[in-house]
1. Specify the residue that is surrounded by the fewest Cβ atoms within 10 Å (Cβ to Cβ); the eligible residues are those in segment 151-168 that are under 26 Å from Ser219 (Cβ atoms) and more than 16 Å from the chain's Cα centre (by Cα).
2. Between a residue in segment 72-89 that is within 21 Å of Ala201 (Cα to Cα) and any residue that is assigned to a strand (DSSP E or B) and of a type in the set (Ser, Thr, Tyr), which pairs come within a Cβ distance under 7 Å, given they are 6 or more apart or on different chains?
3. Confirm whether Leu119 is among the hydrophobic types (A, V, I, L, M, F, W, C), touching a helix residue (DSSP H, G or I) at 6+ places or on another chain (Cβ under 7 Å) and under 17 Å from Glu56 (Cα atoms).
4. Where residues in segment 142-190 are under 20 Å from Val108 (Cβ atoms) and out of contact with any helix residue (DSSP H, G or I) (no Cβ under 9 Å at 6 or more places or on another chain), which of them is modelled with the lowest pLDDT?
5. Can we say Ile164 is without any contact (Cβ under 8 Å) to a residue 40 or more places away in the chain, within 19 Å of Gln196 (Cα to Cα) and not in a helix (DSSP H, G or I)?
6. Kindly check whether there is at least one residue in segment 192-205 that is more than 22 Å from Val88 (Cβ to Cβ), in contact (Cβ under 8 Å) with a residue 12 or more places away in the chain and either crowded, with 17+ Cβ neighbours inside 10 Å or in contact with a strand residue (DSSP E or B) (Cβ under 9 Å, 6 or more places away or on another chain) (or both).
7. Would you mention how many residues in segment 89-116 are within 17 Å of Glu56 (Cβ to Cβ) and not aliphatic (A, V, I, L, M)?
8. Looking at Ser148, is it surrounded by 22 or more Cβ atoms within 10 Å (Cβ to Cβ), more than 13 Å from the chain's Cα centre (by Cα) and among the hydroxyl-bearing types (Ser, Thr, Tyr)?
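The values are calculated or read from the model by the stated rules, or taken from the named source; none is laboratory data. Just so you know, these numbers come straight off a predicted model, no measurement behind them. Neighbour counts run over all protein chains shown; Cβ positions are idealised from the backbone, glycine included.
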Amino acid sequence: MLSGLLTCAPPSFLPAASAAERAEGRGFRPQVPRLFVGLESRGKIYQGTRHNVGFELIDAIAEAEGISVNSMRSKALFGKGYIGDVPVMLAKPQTFMNVSGESVGSFVSYFKIPLNQVLLMYDDMDLPFAKLRLLPKGGHGGHNGMRSVINHLKGSHEFPRLKIGIGRPPGKMDPANYVLRPFNKKEREELDFTFQRGLEALRILVLEGFDKSATFANSTRRSELLN
């Protein structure tokens, strides 16, 4: 049961205190941070493509919450910050997609993050384009990045994930080629809206809990994006 991953984070890590309390040195109560990980395929040919929406959502969170993601640890770019008064870490593995678990497993182990505090964000062809699906656990669903993550978490599926729909390939197009396609203007507008929905869902997750966040994220319909 991954007992080594389920202990508390080091006491010197991010405290759960308000900005005013932190400024005055009060309210320093250690709190385990949440870890948000976006999955991406490495290389310029993948930038701005369907396979990299996980990284794009991490970037949207970082920009909105003022978190700098420029440190390096366990083969990942990462940054520390807060959503409200809750400490969070954002991570962008720098490995190839199919070995993402090398980074995620090492990161979780190093910072001793409980698996229910980890959230993976990645593309899903089985969801309609620009739809979100937040789940508390599950398998890899044929996604090589998630397959690797599960393997490096000792086979555990017990961690949340936020799937970002990219739709199925048209006609008989090879899925490997489809995920490399860039977005057209309309798709980019829909996706940007989805990232805003995703950002709000993650704020709800951190501040109000998983169930309320899942209700919000999973209720989004494709028709809403087209209005």
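1. From segment 151-168, those under 26 Å from Ser219 (Cβ atoms) are 157-168; that's our starting set.
Now drop any that are not more than 16 Å from the chain's Cα centre (by Cα), which leaves 167-168.
On the way: Gly167: 18, Arg168: 14.
The extreme case among them is Arg168.
2. Phe78/Ser71; Gly79/Ser71; Val88/Tyr82
3. Working: among the hydrophobic types (A, V, I, L, M, F, W, C): yes; touching a helix residue (DSSP H, G or I) at 6+ places or on another chain (Cβ under 7 Å): no; under 17 Å from Glu56 (Cα atoms): yes.
Taking the combined requirement at face value, the residue does not satisfy it.
4. Only one residue fits best here, namely Gly155.
5. Details: without any contact (Cβ under 8 Å) to a residue 40 or more places away in the chain: no; within 19 Å of Gln196 (Cα to Cα): yes; not in a helix (DSSP H, G or I): yes.
Judged against the criteria, Ile164 is not a match.
6. No, segment 192-205 has no match at all.
7. The number of residues fulfilling the criteria is 4.
8. Spelling it out, Ser148 is indeed surrounded by 22 or more Cβ atoms within 10 Å (Cβ to Cβ), more than 13 Å from the chain's Cα centre (by Cα) and among the hydroxyl-bearing types (Ser, Thr, Tyr).
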